[in-house]
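The values are calculated or read from the model by the stated rules, or taken from the named source; none is laboratory data. Bear in mind the structure is a predicted one, so any value in this text is a computation, not a measurement. Heads up, the Cβs are rebuilt from the backbone with ideal geometry, glycines too, and the neighbour counts pull from every protein chain shown.
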Amino acid sequence: MKWETRIEGMRVAVHHGRPPKSDMDAVLPADLKLEEGRRLLDAADADLLVVGHSHIAFALEVVGRGWIVNPGAALRDPASRTDSPPATATFGVLTWPSVEFSVRSVTTGVEMAALRRTIAW
């Protein structure tokens, strides 16, 4: 699954998994090195790449190239056999024109300050 748009000159792409072709291969922040980040942004043809699948919320700058972010998971915990949202359920908010990405708790709506990033653009 993918979705692409351009907002005020910034190319934004949303992919469930790792672009360009795998919806089931996660982008993990611990494994994301500079060159891999550049390859992913190039493959998605994006300045800002929003990914999912891993259920791990993060916002990482790929220096000199763009950003890769993940809003976490608002649905069930993949390790759980229930369909109810976990206590740690999150969603992402992308704000324009300030170009900020933040992650919030589904249950409280409270922003997780450590995951707020102003995206230089």
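A few remarks follow.
- Some residue of segment 14-33 being farther than 18 Å from Ala73 by Cα, in a strand (DSSP E or B) and of a type in the set (A, V, I, L, M): no
- Unmet criterion (only one of (1) in contact with a strand residue (DSSP E or B) (Cβ under 6 Å, 6 or more places away or on another chain); (2) crowded, with 20+ Cβ neighbours inside 10 Å) for Pro19: (1)
- Cβ pairs under 8 Å, 6+ apart, first in segment 31-43 and within 13 Å of Ala13 (Cβ to Cβ), second among the charged types (D, E, K, R) and modelled with pLDDT under 95: Leu40/Arg18; Leu41/Arg65
- Condition check for Ala46: crowded, with 21+ Cβ neighbours inside 10 Å and in contact with a helix residue (DSSP H, G or I) (Cβ under 8 Å, 6 or more places away or on another chain): no
- On the stretch given as segment 74-111, residues that are assigned to a loop (DSSP other than H, G, I, E, B), farther than 28 Å from Gly9 by Cα and at pLDDT 75 or above total 8.
- Residue check for Ala57: surrounded by fewer than 20 Cβ atoms within 10 Å (Cβ to Cβ) and in contact with a Ser or Thr (Cβ under 6 Å, 6 or more places away or on another chain): no
- In segment 22-36, the residues that are surrounded by fewer than 17 Cβ atoms within 10 Å (Cβ to Cβ) and under 15 Å from Arg65 (Cβ atoms): Leu32, Lys33, Leu34, Glu35, Glu36
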